[in-house]
Amino acid sequence: MARRCKICLVLGAGGVRGLSHLGVLQVLEREGIPIDYLVGTSAGSIVGAAYALEPDAMEITRRALDYFKGEEFEKDSFSALIPDPSGPQPGLVQNVINGVRKGYVFSNLLRKQSILPGEKMSGMIYSLLPDLDFKDTKIPFAIPALDLKTGDDVLITRKSIRQAVIAGCAIPGFFPPVEYNDRLLTDSGIVCPVPVSAALKEFKPDVLIAVDIMNRIEKEEDFPRGLDVLLRSESIACSRLNAQEISKADIVIRPEVGQIYWSDFNELDSLVSEGAAAAQSQVSEIRKIIRRKRRIFKFPRLDPRSIFKAAE
């Protein structure tokens, strides 16, 4: 009898576009496709943590939408200070530049580690996630981060879920890096938006499903300033790094949300719907991959040496 495939789901970075991960989870849950391991970067770490602790996609979606549509989030200065979604949308560097164009933000970035205080991120995470540890998860879970001191990639799998998510969501320039086990951690999404390699190394799954919500690189003709060249180069570099990572996945789900700015909280329901639509379109392919892997497990390769030894 073939054993069941172990499946890992990797949820990528992308700001508010991370809500599309909820739609993906709804479909996988409804279709009976089990998730044995979870890895989430930046926004993906918030959704991943919530689902790892309570694998109920509809309930998590309800709570998330209630929070982001509610008065608590609306009144928080965090929502008032994030960049204007009507501006250009290349990458993380551009996100910082857009914010810096506001006078008070420019002053903060010169004098402090970040535009916004860490308490703004902490407050949001505390509202969305319970105060539990990784050992309390129902699904094994990991959060990638980047150590600014050493340049090392770090995969957090122990201690406080909240603190790990705060570290994994510390967008460079916007939120201060987080002291964590003698490391200085920040969001690793700028170098690895969809951490497929880290997931493969940590969990060694039979099937890996990646969810990519990054902006696509569109053709542009005009780069009048040096800053435009710098920002375009950063976007291309990030896109290429991401392409290398997701090429290692068995299947990639790409919700059509790249046109939505990372800080635009006006399209919440459509983000979830796009995630669900993208996942539904890949269900048959996921089932094919699982069936193929099961056949491999049912008929394992034999070591010729073992045959000769048995004949002696």
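Which of the following residues is free of Cβ contacts under 8 Å to residues at least 12 places away in the same chain and either more than 20 Å from Asn242 (Cα to Cα) or open to solvent by less than 10 Å² (accessible area, probe 1.4 Å) (or both): Gly48, Gly44, Gly32, Gly23?
Gly32
So, in the stretch 228-252, exactly how many residues are farther than 13 Å from Asp212 by Cβ and surrounded by fewer than 16 Cβ atoms within 10 Å (Cβ to Cβ)? If you could, list the steps in order and put the result at the bottom.
First, pick out the residues of the stretch 228-252 that are farther than 13 Å from Asp212 by Cβ: 228-237, 240, 250.
Subset that is surrounded by fewer than 16 Cβ atoms within 10 Å (Cβ to Cβ): 228-230, 233, 236-237, 240.
Total satisfying the criteria: 7.
Criterion first (at pLDDT 95 or above and not in a helix (DSSP H, G or I)) does Ala199 satisfy it?
Working: at pLDDT 95 or above: yes; not in a helix (DSSP H, G or I): no.
In short, no.
For (1) more than 28 Å from Ser233 (Cβ to Cβ); (2) assigned to a loop (DSSP other than H, G, I, E, B); (3) β-branched (Val, Ile, Thr); (4) at pLDDT below 95, each residue gets a yes or a no:
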site	(1), (2), (3), (4)
Ile115	no, yes, yes, yes
Lys120	yes, no, no, yes
Ser127	yes, no, no, yes
Ala145	no, no, no, no
Ile171	no, yes, yes, yes
Ser188	no, yes, no, yes
Val191	no, yes, yes, yes
Leu208	yes, no, no, no
Met214	no, yes, no, yes
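Tell me yes or no: at least one residue of the stretch 178-186 is assigned to a loop (DSSP other than H, G, I, E, B) and either out of contact with any strand residue (DSSP E or B) (no Cβ under 6 Å at 6 or more places or on another chain) or within 21 Å of Val154 (Cβ to Cβ) (or both).
Taking the stretch 178-186 first, the residues assigned to a loop (DSSP other than H, G, I, E, B) are 181-182.
Retained after the next criterion (residues that are either out of contact with any strand residue (DSSP E or B) (no Cβ under 6 Å at 6 or more places or on another chain) or within 21 Å of Val154 (Cβ to Cβ) (or both)): 181-182.
Yes - at least one qualifying residue is present in the stretch 178-186.
Could you please let me know if Arg162 is basic (Lys, Arg), at pLDDT below 95 and either open to solvent by 30 Å² or more (accessible area, probe 1.4 Å) or within 23 Å of Asp56 (Cβ to Cβ) (or both)? Outline the logic, then answer.
Working: basic (Lys, Arg): yes; at pLDDT below 95: no; either open to solvent by 30 Å² or more (accessible area, probe 1.4 Å) or within 23 Å of Asp56 (Cβ to Cβ) (or both): yes.
Taking the combined requirement at face value, the residue does not satisfy it.
Starting from residues that are assigned to a strand (DSSP E or B) and in contact with an Asp or Glu (Cβ under 7 Å, 6 or more places away or on another chain), keep the ones in the stretch 152-169 and report whichever is nearest to Ala50 (Cα to Cα). Walk me through how you get there before you give the answer.
Here is the first cut: in the stretch 152-169, the ones assigned to a strand (DSSP E or B) are 153-156, 160.
This time we only want the ones that are in contact with an Asp or Glu (Cβ under 7 Å, 6 or more places away or on another chain), so: 154-155, 160.
Numbers: Val154: 20, Leu155: 18, Ser160: 13 Å.
Checking each candidate, the answer is Ser160.
Within the stretch 143-159, count every residue that is open to solvent by 20 Å² or more (accessible area, probe 1.4 Å), within 13 Å of Ser42 (Cα to Cα) and in contact with a helix residue (DSSP H, G or I) (Cβ under 6 Å, 6 or more places away or on another chain).
1
Would you say Ala237 is over 28 Å from Ser160 (Cα atoms), small (Gly, Ala, Ser) and part of a helix (DSSP H, G or I)? Can you show your working first?
Working: over 28 Å from Ser160 (Cα atoms): yes; small (Gly, Ala, Ser): yes; part of a helix (DSSP H, G or I): yes.
Taking the combined requirement at face value, the residue satisfies it.
Since Glu256 meets every condition but one in (1) out of contact with any Gly (no Cβ under 7 Å at 6 or more places or on another chain); (2) open to solvent by 70 Å² or more (accessible area, probe 1.4 Å); (3) modelled with pLDDT of 80 or more; (4) part of a helix (DSSP H, G or I), which condition does it not meet?
Here Glu256 clears every test but (4).
Look through the stretch 259-294, keep the residues that are open to solvent by 20 Å² or more (accessible area, probe 1.4 Å) and in a loop (DSSP other than H, G, I, E, B), and return whichever of them is farthest from Leu9 (Cα to Cα).
Selected residue: Asn266.
Could you run through the stretch 184-197 and say how many residues are closer than 12 Å to Ala249 by Cα and crowded, with 21+ Cβ neighbours inside 10 Å? Full working, then the answer.
First, pick out the residues of the stretch 184-197 that are closer than 12 Å to Ala249 by Cα: 194-197.
Among the residues that remain, those that are also crowded, with 21+ Cβ neighbours inside 10 Å are: 194-196.
The qualifying residues number 3.
For the list (1) modelled with pLDDT of 80 or more; (2) out of contact with any Lys or Arg (no Cβ under 7 Å at 6 or more places or on another chain), I need the number of the one condition that Lys298 fails.
Going through (1) modelled with pLDDT of 80 or more; (2) out of contact with any Lys or Arg (no Cβ under 7 Å at 6 or more places or on another chain) one by one, Lys298 breaks only (1).
The values are calculated or read from the model by the stated rules, or taken from the named source; none is laboratory data. Since we're looking at a predicted model, the values are computed, not measured. Methodologically, a virtual Cβ is constructed for each residue, glycine included, from the backbone with ideal geometry; neighbour enumeration extends over all protein chains shown. Ligands, DNA and RNA are stripped out before the accessible areas are found, and what is left, the full protein with its side chains, is counted by its heavy atoms. Shrake-Rupley method; radii C 1.70, N 1.55, O 1.52, S 1.80 Å.
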